[in-house]
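All remarks here apply to the structure that follows.
The values are calculated or read from the model by the stated rules, or taken from the named source; none is laboratory data. Just so it is clear, the structure is predicted and the values come from calculations on it, not from any experiment. We place every Cβ from the backbone using ideal geometry, glycine too, and count neighbours over all the protein chains shown.
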2 protein chains.
Amino acid sequence: MNIINNQKTTPQLSGHSVELKRAELKDYFRNTWTTYESLFSLINDDEAYYLRPEPLRHPLIFYFGHTATFFINKLILGKYLTQRVNKKIEAICAVGVDEMSWDDLNSEHYDWPTVAEVREYRHQVFTLINQQIDTMQLSLPIQQDSLAWLILMGCEHERIHLETSSVIMRMLPMSFLSEYSSDNKQWQACFDFSSAPSNKLLRAPEQAIILGKQTADETFGWDNEYGELALKVAEFNASKYLVSNQEYLTFIEAGGYKNFIYWTNEGQKWLTFSKAEMPRFWRKKSGEYYQRNLLNEIPLPMNWPVEVNYLEAKAFCQWKSEQTKLTIALPTEAQWACLREKLAGDTCDWQQAPANINLAHYASSCPIDRFSAGEFYDVAGNVWQWSESAIDGYDGFKVHPLYDDFSTPTFDGKHNLIKGGSWLSTGNEAIKSARYAFRRHFTQHAGFRYVENLDGIIPTIPVNHFETDNEICQQLDSHYGKTQLNQANYQQQISALVLDNMNQYQVDVDKCLNIGCGVGRTAFELSPFFQHIDAIDFSARFIQYGVKLQQQESVRYTSIISGDIVDFHEISLTELPIKGQGKNILFSQGDGCNLKANFDHYDAVVIEHALEKSYQPKVLLTTVSQRLKIGGLLFVISDFQYSTKYTEKNNWLGGVKVNGENVSGFDELSLRLSDNFNLLDEVQLTRVVKQNQCTYTVTETQLSVWQKNS
Amino acid sequence: MNIINNQKTTPQLSGHSVELKRAELKDYFRNTWTTYESLFSLINDDEAYYLRPEPLRHPLIFYFGHTATFFINKLILGKYLTQRVNKKIEAICAVGVDEMSWDDLNSEHYDWPTVAEVREYRHQVFTLINQQIDTMQLSLPIQQDSLAWLILMGCEHERIHLETSSVIMRMLPMSFLSEYSSDNKQWQACFDFSSAPSNKLLRAPEQAIILGKQTADETFGWDNEYGELALKVAEFNASKYLVSNQEYLTFIEAGGYKNFIYWTNEGQKWLTFSKAEMPRFWRKKSGEYYQRNLLNEIPLPMNWPVEVNYLEAKAFCQWKSEQTKLTIALPTEAQWACLREKLAGDTCDWQQAPANINLAHYASSCPIDRFSAGEFYDVAGNVWQWSESAIDGYDGFKVHPLYDDFSTPTFDGKHNLIKGGSWLSTGNEAIKSARYAFRRHFTQHAGFRYVENLDGIIPTIPVNHFETDNEICQQLDSHYGKTQLNQANYQQQISALVLDNMNQYQVDVDKCLNIGCGVGRTAFELSPFFQHIDAIDFSARFIQYGVKLQQQESVRYTSIISGDIVDFHEISLTELPIKGQGKNILFSQGDGCNLKANFDHYDAVVIEHALEKSYQPKVLLTTVSQRLKIGGLLFVISDFQYSTKYTEKNNWLGGVKVNGENVSGFDELSLRLSDNFNLLDEVQLTRVVKQNQCTYTVTETQLSVWQKNS
């Protein structure tokens, strides 16, 4: 019963022979396709395709068509195909309801196609994809921008839905499904169950680990798998086994589902909504527990892993902590990775899978003490394992342009990673670098292992979300993004002029104040040349990004391409052409009109578009110019375009009639500075801010240099 | 009693000797200054400086300081002066309350300086201006951007206030003013009055006339005087004399001030507000009428011209029309100009003024039959004459940059021209080209002559106001203004591409549809090459400017420099580098989604940024592409940036996810056109729209060319 002989592993991207690789891809595609259809062939009544046993998901007819439609849509998007196969099916089977949301039910009505229509459609798509594989240009290794990559993406996508569809099928009445027979041998469940071994905590030593798939990795990966996250994982204890049905039953019998104190806020809401009293695939009849598998129902197999969502797993851990007085939690992604190290090799290396994975052994879970890896069991396979880690992109994350919403919508702190794969995880899902995340209430063939954090702290990493506020994104892009319209980086222009003048007039470079620093580029550019820089902005929303960069974190933001379509960006100090690391910058939120007394004795003050953003530009000018040493230089960068959005008209520094006469911003500035400053220079600069893919705001601004003389 | 010997005429701008001109300017300045102070010297009690006999105006202390302050402010604005003389006085004496508004009383409190302070201030300014004249660079002829021009402007400004201040003084109790004596000889009123000659209508023949001062004119002019307006004035009748107090009394005695039917709506409101029962300078005591002059009160001089505002004059004309069954009205500016032709020469040509003007005869009105010009009397001088014409700039109007609000605020249809000057009009006011306007209720030394329009129509010209709507102004400027950021005119780029393609593919050029024509530049550029062009825009606000240009009218708009400070522009077809006059363009307001059936059979359809402004871009695309002949060319110019401001998201043509996949604007366009069109070409264009003096929106747009094949 070695089903692995039927299941291919995800192909290597490199190879020596293009034609052998073409054959391999074709074979992998066929294997994916037929396995998917084999699963659906278990349905013995077309009515089942239209039921919605899980109200949060589409009926199975959608998924039956969806994986074929996905191929077509990506081929069209990639411009490898110009004609659709079936407009109707490709419209209706394109977009799932948000499968991650339980509190936002979608009640749209759909005019679903018949099963025969979808079967015919799948046949057409199958033929078409085979033709594409036969005729496509192919070079090795397969690159992310190639058609071959899209074929792999389609296959791996179908393998994801192989698993999610099977979960829905586990929710169907059994009468709609075939019984196990010699016709569907590969879908035979494990029939070995008994009582569970007692679990215990084992030590996992401190370990340095690097997460993330290299760009040059040998297998297909989803965008979120690439990048790098280097971590030192402290020593911790982990349960020897996955939590078994038997161990979990103790929690239930202790009133775990009735006592809110074990549940997170989200868990309490879910419990109220779902009215759950036990795991989703348990049944209780006449006081006895049973478990529903894909094709059968058996007395609760006590030594199989319990299948729960994150919220249930977390509640168990809280209860367990209370019981043991230990800090019991789910493993983080990194802790899981430490345990995974105990299992040698990866799916493609194995002759015989040392885990219940890739359909290699059973079409169900199996006892938790069947597959060991060192002292631990089931570090991969059997059921997915929930982790404490909300999914996020590693440093260096880039979306794949033809599937820009595979991962980014889940980087919201609401989607937790599941690791290790289940008995039905195949292809990419079955390899070590696999990385999937779902809403925490989501049902999958998933359970958990628990860990004890010895320092009493659960070492999670906050999600580094993509900034989407338009104003901030545009500023981040103009400070740190690509230069636009052939104009040099604006903050670099400013900094160069500041330094030139400090040098020319031989002014000390001890302390600099950069007021209106925004997301901080000017301060970073100046930082190698001053002893200390105070970088101040009225808005903490901007400052935070200067601080993040200074702390060597990466910063993520989006930019509008057009309408709803956005681009994703990640920047970090090390990848920018900036000398030094800005350790001598003190970023502070501050009001230039009411500056704290300790901001004083500057050799240089750089007012960077702060006047026209201030509610009191006159007061700001007076305040900051007082903080300059005699002989120090004041740099005023402004477009002198005041707006009532920021500044009441009677506070404008120019751009108004004063006593009946037009007063320009620079005239008013000069008037106010004339008593204590000499004007040394005026320079015109050009500032470009990109609004979207094709629109730019270009501003001719002015930098004026003033020396304080009294 | 020939006061003209004391009064200079406004200087010539040219001359042979710079030093003689300098002396002449100094003399003219001194004459202006001393005449002004001579008027104020008539006040014998400082308290009078602070009274407000006319609640719509500042007290006299303001005007006493104001004309000096004006010099300083303009010198500072022109950067001829860097230090103020007296900040306090120059702040408080700078801006009048809007002297034109009676329904918007300003009740601000002012901390007025003392008379001694202002006297001292005037002395300082006098010295300073003399120094400026002595030392200024001077070249001949005097140009508008020179300091000498500013000196002249200050003089002419003071001469305006010489007259307006005298009007306020006529409202003071007489006890505050000196009686006539040998010390103030030049302020002696006429003492000749009796009954009036009876008035009658005389024929003025048809006449072609050109209004407007040439740039090269020999004398200083205010901005509104320059430009050109050529008119053919139809034959009309005009009253031989100005309307006398006696003639006007008939109207009063007929109940003219009690009967609203003679009054315009505005006149009725003013009458209600003012409770007037007779002209402002009449008094009625014990049943007898008197008239208040500058320094005395006399029994109503029946043969002197009545002094009224426009509203009163107009009511008289309405009454007169009713009485005579003729179309009696005030003269238009052009009709006045026809009559003025009957008087030879201009102030500077006269040895002895043939009119009661320039203080040459009296310090008051005089009998209406004293100064003849042909059959008519008082075609200039005695009192200003109200006209039917609301003031407006002539074609070619340009504001003077150092006094940008002298005229433009009055181009609002609410300010009517007064013509001809009064006994106290000197300098620029006293010359033929003088052109002043006030709100229609304003009191001045002003009366009127009436005319009969023989065709029964009052031939007024609507005011060509300055468009200030930002969106329209920006479009006008980008279509017709200077090119910006070194980018070629955008509509010229489009037109050239349209014509190139029509030519290259040898398509007929009978009919072209330009949808989204806006203010029309593309249609004008295309017009010489097509038989007929339909230019359509959804917004009539834009179309109207295409129509105006087509009708050979000039178009005026403003552009923001910064904040409240704007620039003024005037464009006309003849001054633009456009071949042809666009006579074959039919501009229509229209909805591209619901186009009238007669818009059909086009050889070319040019969609100019209409898709992204449409509420239904998909429908627009289908509709207009159906109106193209087979073989015709469709040009789509777009940036594909849809916005919910114009288009509901479900109607966007791209920039959204469709069935889960990103669809760009061009992809969606291509998909929709693919059945009936071949794509011939795609060109990237750059569009620049100036937002203000230093800010531009730069958009990289696309023009695609499609040939209809079925």
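Between A:GLN351, A:GLN323, which is farther than 19 Å from A:LEU417 by Cα and either in contact (Cβ under 8 Å) with a residue 12 or more places away in the chain or part of a helix (DSSP H, G or I) (or both)? Testing whether each residue is farther than 19 Å from A:LEU417 by Cα and either in contact (Cβ under 8 Å) with a residue 12 or more places away in the chain or part of a helix (DSSP H, G or I) (or both) leaves just A:GLN323.
Once segment B:676-688 is narrowed to residues that are more than 12 Å from chain A (Cβ to nearest Cβ) and not β-branched (Val, Ile, Thr), the residue that is farthest from B:GLN493 (Cα to Cα) is B:ASN676. The set of residues from segment B:1-52 being in contact with a Pro (Cβ under 7 Å, 6 or more places away or on another chain) and farther than 20 Å from B:ASN130 by Cβ comprises B:LEU13, B:SER14, B:TYR49, B:TYR50, B:LEU51, B:ARG52. Of the listed requirements (1) touching a Gly at 6+ places or on another chain (Cβ under 7 Å); (2) on the phi > 0 side of the Ramachandran plot, B:GLY255 misses just one: (1). Being within 14 Å of B:THR695 (Cα to Cα) and touching a Leu at 6+ places or on another chain (Cβ under 6 Å) is a property that A:THR701 has.
Could you tell me whether A:GLU429 is of a type outside the set (Phe, Trp, Tyr) and either without any contact (Cβ under 8 Å) to a residue 60 or more places away in the chain or within 24 Å of A:ALA234 (Cα to Cα) (or both)? The answer is no for A:GLU429.
One residue alone among A:ASP405, A:ASP395, A:ASP412 is without any contact (Cβ under 8 Å) to a residue 12 or more places away in the chain and either in contact with a Ser or Thr (Cβ under 8 Å, 6 or more places away or on another chain) or farther than 15 Å from A:TRP336 by Cα (or both), and that residue is A:ASP405.
Return only the number of the condition from (1) away from chain A (no Cβ under 14 Å); (2) farther than 22 Å from B:GLY221 by Cβ; (3) surrounded by fewer than 16 Cβ atoms within 10 Å (Cβ to Cβ) that B:ASP27 does not satisfy. Against the list (1) away from chain A (no Cβ under 14 Å); (2) farther than 22 Å from B:GLY221 by Cβ; (3) surrounded by fewer than 16 Cβ atoms within 10 Å (Cβ to Cβ), B:ASP27 comes up short only on (2).
Selection of segment A:661-671 for residues being out of contact with any helix residue (DSSP H, G or I) (no Cβ under 9 Å at 6 or more places or on another chain) and facing chain B (nearest Cβ under 7 Å) yields only A:SER664. A single entry from A:GLN207, A:GLN186 fulfils the requirement of being under 30 Å from A:LYS74 (Cβ atoms) and either free of Cβ contacts under 8 Å to residues at least 60 places away in the same chain or surrounded by fewer than 21 Cβ atoms within 10 Å (Cβ to Cβ) (or both): A:GLN186. Is at least one residue of segment A:660-679 over 20 Å from B:LYS87 (Cβ atoms) and assigned to a strand (DSSP E or B)? Among the residues of segment A:660-679, at least one is over 20 Å from B:LYS87 (Cβ atoms) and assigned to a strand (DSSP E or B), which makes the answer yes.
Restricting attention to segment A:408-461, the residues that are closer than 21 Å to A:THR347 by Cα and among the aliphatic types (A, V, I, L, M) add up to 8.
Residues checked against (1) among the aliphatic types (A, V, I, L, M); (2) without any contact (Cβ under 8 Å) to a residue 40 or more places away in the chain:
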{"position": "A:GLY580", "(1), (2)": "no, no"}
{"position": "A:LEU586", "(1), (2)": "yes, no"}
{"position": "A:ASP591", "(1), (2)": "no, no"}
{"position": "A:LEU595", "(1), (2)": "yes, no"}
{"position": "A:TYR602", "(1), (2)": "no, no"}
{"position": "A:GLU608", "(1), (2)": "no, no"}
{"position": "A:LEU611", "(1), (2)": "yes, no"}
{"position": "A:TYR615", "(1), (2)": "no, yes"}
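For A:GLY381, the stated conditions do not hold, so it cannot be described as surrounded by fewer than 24 Cβ atoms within 10 Å (Cβ to Cβ), part of a loop (DSSP other than H, G, I, E, B) and either at positive phi or of a type in the set (Asp, Glu) (or both).
Selection within segment A:121-138: residues that are assigned to a helix (DSSP H, G or I) and without any contact (Cβ under 8 Å) to a residue 24 or more places away in the chain. The member of this set that is farthest from A:LYS88 (Cα to Cα) is A:THR135. Would you confirm whether any residue within segment B:687-694 is hydrophobic (A, V, I, L, M, F, W, C), closer than 30 Å to B:CYS473 by Cβ and outside any strand (DSSP E or B)? Taking every residue of segment B:687-694 in turn, at least one turns out to be hydrophobic (A, V, I, L, M, F, W, C), closer than 30 Å to B:CYS473 by Cβ and outside any strand (DSSP E or B). Checked against the criterion of being away from chain A (no Cβ under 14 Å), over 22 Å from A:ALA91 (Cβ atoms) and buried (at least 22 other Cβ atoms within 10 Å of the Cβ), the candidates B:ALA597, B:ALA604 yield just one match: B:ALA604. All told, A:ALA373 falls short of being buried (at least 20 other Cβ atoms within 10 Å of the Cβ) and of a type in the set (Gly, Ala, Ser).
Of all the numbered requirements in (1) within 41 Å of the chain's Cα centre (by Cα); (2) farther than 25 Å from B:ASP567 by Cβ; (3) within 14 Å of chain B (Cβ to nearest Cβ); (4) not β-branched (Val, Ile, Thr), A:GLN641 misses one, and that requirement is (2). Against the list (1) out of contact with any strand residue (DSSP E or B) (no Cβ under 9 Å at 6 or more places or on another chain); (2) among the aliphatic types (A, V, I, L, M); (3) at the interface with chain B (Cβ under 10 Å from one of its Cβ atoms), the condition A:ALA68 fails is (3).
Summed over segment A:689-700, the residues that are facing chain B (nearest Cβ under 7 Å) and either β-branched (Val, Ile, Thr) or in contact with a Pro (Cβ under 8 Å, 6 or more places away or on another chain) (or both) give a count of 4. If I filter segment B:302-313 for residues that are surrounded by fewer than 18 Cβ atoms within 10 Å (Cβ to Cβ), charged (D, E, K, R) and farther than 30 Å from B:SER14 by Cβ, do I get at least one hit? Checked segment B:302-313: no residue is surrounded by fewer than 18 Cβ atoms within 10 Å (Cβ to Cβ), charged (D, E, K, R) and farther than 30 Å from B:SER14 by Cβ.
Look through segment B:644-660, keep the residues that are of a type outside the set (Phe, Trp, Tyr), out of contact with any Lys or Arg (no Cβ under 8 Å at 6 or more places or on another chain) and within 8 Å of another protein chain (Cβ to nearest Cβ), and return whichever of them is surrounded by the fewest Cβ atoms within 10 Å (Cβ to Cβ). Applying the filter and picking the extreme gives B:LYS649. Residue pairs whose Cβ atoms lie under 8 Å apart, separated by 6 or more positions or on different chains, with the first residue in segment B:546-567 and within 14 Å of chain A (Cβ to nearest Cβ) and the second in a helix (DSSP H, G or I) and basic (Lys, Arg), are B:GLY563/A:LYS649; B:ASP564/A:LYS649.
Scanning segment B:47-61 for residues that are crowded, with 18+ Cβ neighbours inside 10 Å and modelled with pLDDT under 90 yields a total of 4. Only a single item in (1) of a type in the set (A, V, I, L, M); (2) surrounded by fewer than 20 Cβ atoms within 10 Å (Cβ to Cβ); (3) modelled with pLDDT of 95 or more is not met by A:VAL118, and it is number (2). Please verify whether B:PHE448 is in contact with a helix residue (DSSP H, G or I) (Cβ under 9 Å, 6 or more places away or on another chain), among the hydrophobic types (A, V, I, L, M, F, W, C) and over 24 Å from B:LEU150 (Cβ atoms), treating the condition exactly as stated. Yes; evaluated as a whole, the condition is true for this residue.
Within segment B:224-239, the only residue that satisfies the criterion of being under 17 Å from B:SER387 (Cβ atoms), in contact with a Gly (Cβ under 8 Å, 6 or more places away or on another chain) and surrounded by fewer than 19 Cβ atoms within 10 Å (Cβ to Cβ) is B:LEU229.
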